[in-house]
Amino acid sequence: MKRAAAVILLVLLATSAGAAKITYVDMLDKMTDMKQLATLPQPGETCQQFSSYDRRSVAPDKPNWGANGDAGNFLREDPEGMVLADMDGPGCIFRIWSANPEGILKVFIDRQKEPVLKCGFQDIVYGKVPPFLGPVVGRRTGGANLYFPIPYQKHCRVVVEKPKRMYHHVTYRTYPKGTQVESFHLPLRAQELAKLKNVISQLEGRGRPPWELRGEVLGDHLSGDWRTFTLAPGETFREEAENDGPPVAIRAMRFRFLNLPEDLKARRKMLARTILRFYWDNETTPSVDVPIGDFFGTAPGMNSYKSLPLGIAEDGTAYCYWYMPYKKAIRYEFENQGDKTVTFEATALFEQCEIPPDQIAYFHAKWHRDYPNKTFDWPFLECTGRGRFCGAVLTIWNPVRGWWGEGDEKFWVDGEDFPSTFGTGSEDYFGYAWCGTALFHHAFHNQTLCEGPGNGNYTSVNRWQIADNIPFQKSFKGTMENYGNDKDYSCVTYWYAGPNQKDFFKPVNVRDRVIQEPRKPFRIKGAIEGETLKIVGKSDDMETGPQDISGFGEFSNALQMWLRGKKVGSWAELALPQVAPGAYKMTIFPVTSWDYALVQISVNGKKFGEPYDAYTSNALRGKQIVLDRVLLKGRDDVLRADMVGKNDKSTGYFFGIDAIKLEKLK
């Protein structure tokens, strides 16, 4: 056993038993230590989350289980401000997230009167508060993340002064009773600053081998040479290697496909139908059973990104640094469930494993898919046994350009009646916010694909819970809320577990797996899009502008020109496009909804017909408004909408124009 690794392991095991002190350097080290995940959790070791989830959600069989008012919900108000989290030690915060960080962030530990940390929430997010520097802190596509350990021995309270209606998560680990934790302090000591610098270097250097980034001496190892595999349609390759010595672990793997088609759909299909399986020791069912294309943290296709455990380089080489120990044997399989011959290269680096055999947790990665997904609490993982949940990659195909998510993650540990992790939105779990479409890359969370338009077609996101992995002693259930019923969901879940664990996954069969065709927005043929019409006049109270309404159904180009009046008498004038002078039949394709008005339509000062009732109980493209004979000058023609009243059931004075069609009359 190498001395440096032995010291780390002894500290880990002694700490888990509550017999040693965890220093702040140890806490920083856990942020990037992939080996710790392969050690079975000790009794009393937990990871939970405080958040601003909607408090009307009380039970799956009660009303409002899917309530979505997830902002501005705090534990209470203290003299120092609004309380985000309040927990007893020994423990450590490993992640704070917010979509709209505001006010003054204060952290009180061990019941001290003065906060150990006090700063502007936005300042710390943007790296303006040393030593809290990127990428340990930062904001990506709307989501603010602080992956900065804040340990405490007795107690911790997180408070924000003047936060307004904030979305937030505080993820924290609790250690077994009796564990001695070195509480957070500022300024950091020289040794702690040096370790923090090393952690920042590791996060920035993601993609390189972890032993190089961590400055470790690689244990006694067997270097794997690149091997080429060619599988005909329907063919499976199997190989088993026995081990008659101490436990062994896969430290690194790399894959490289050699015959990927140029055509995007064909390439995605080949990656989606080539299966990777691992069996550890005497298992009869695989612990890893995943399409290779999905296994590396993004799908469909080979989308370049770099994270700590997984990634795909620009040249298409995929890497895996999950730590995978076993005792006596490993059996691996590659299966081609597609209709084309597959050729790829693979290599793996093995090393002697220093974890005691009775403490080893086996690596698991499994895939499942539902299309169309009609399950509200859609499962990431359901399993029994003892282990650690470490994250997931979620891939969604969305037939409309509107937001696919909004559902909350919920994690039940060891048969809890209520989930000890209850989030605030799908994108929030994956580290971003506000359904942003921009790609982002980080050691712990990534959006590797967002095809568009908007959030339409394929999106792929992942999150890795390393220091904030979730231990379980008996069982784990993780779900993500799904508000739609027409989308294609697939997921790879990553976890570690002891022998004889059981899970809900079925053997992967993707022979008929559909790679969805990109969908272009629906358009009304020959129509002028409402959102392109220029506003040339409006009342002082009127607000106007395009709105994405794809989430409400099929609308032309998925957008409307949205007119938002405040009262009777609100109005807006829109310039019509230049045409040949003459008489026209004008067809208006209106949008109707629950807060829409009675609208009088005029063209060039002439009223047409009776006021149109734009109220409906749901957002719809309403009955067409047909103006039989409209005289147009050909230029400087103006369409006017006056809000002259509202249906008794309506709650507002809005109106929307999806499109307009002009047909010249003879």
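At a glance:
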| item | result |
| --- | --- |
| L349, L28 arranged by Cβ crowding within 10 Å, fewest neighbours leading | L349, L28 |
| Calculated Rg and Dmax of the Cα atoms in Å (choose from (1) 26.7, 104; (2) 28.5, 93; (3) 27.0, 88), label | (2) |
| Cα-centre dipole for the chain with unit charges at Cβ (Lys and Arg positive, Asp and Glu negative), debye to 20 | 1320 |
| Formal net charge of residues neighbouring C47 (Cβ-Cβ distance under 11 Å; K, R +1; D, E -1) | +1 |
| Separation of the L75 and K340 label points, Cα + 7 Å toward Cβ, nm | 5.5 |
| Neighbourhood net charge (11 Å Cβ-Cβ; Lys/Arg +1, Asp/Glu -1) for Y612 | -2 |
| Nitroxide proxy distance, nm - points 7 Å out along Cα→Cβ at W434 and V568 | 3.8 |
| Neighbour cut-off at most 14 other Cβ (10 Å), DSSP loop, chymotrypsin sites (Phe, Trp or Tyr not before Pro), the range 152-210 | none |
| Pairwise centroid distance, computed over Cα atoms, of the range 256-306 with the range 103-164, Å | 39 |
| Efficiency of FRET from Cβ geometry, K21 and R208, R₀ 25 Å, rounded to 0.05 | 0.20 |
| Between the range 349-419 and the range 519-537, the Cα center-to-center distance that results, in Å | 42 |
| Gain on full stretching of the segment that runs from T284 to L133 - 0.36 nm per residue minus C-alpha separation | 49.7 nm |
| Helical segments meeting 15 Å axial Cα length and Kyte-Doolittle -1.0 threshold in the chain (DSSP H) | 3-16, 190-204 |
| Rounded D (µm²/s) - the range 212-503, Kirkwood Rh over Cα pairs, Stokes-Einstein at 10 °C, 1.306 mPa s | 81 |
| Helix-only [θ]222 nm of the chain, DSSP H runs n ≥ 4, -39500 (n - 2.57) each, per residue, nearest 500 | -2500 deg cm²/dmol |
| Ranked L117, L620, L563, criterion: other C-beta atoms within 10 Å, fewest first | L620, L117, L563 |
| Ranking of S617, S183, S287 by count of other Cβ atoms within 10 Å, fewest first | S617, S183, S287 |
| Interchain or long-range residues, amide H under 5 Å from A443's placed H | none |
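Read-outs: derived from the displayed coordinates by stated rules, not from any lab. Predicted model, so just to flag it, every value in this text is computed and none were measured. Every residue, glycine among them, receives a Cβ derived from its backbone with ideal geometry; neighbour counts consider all protein chains shown.
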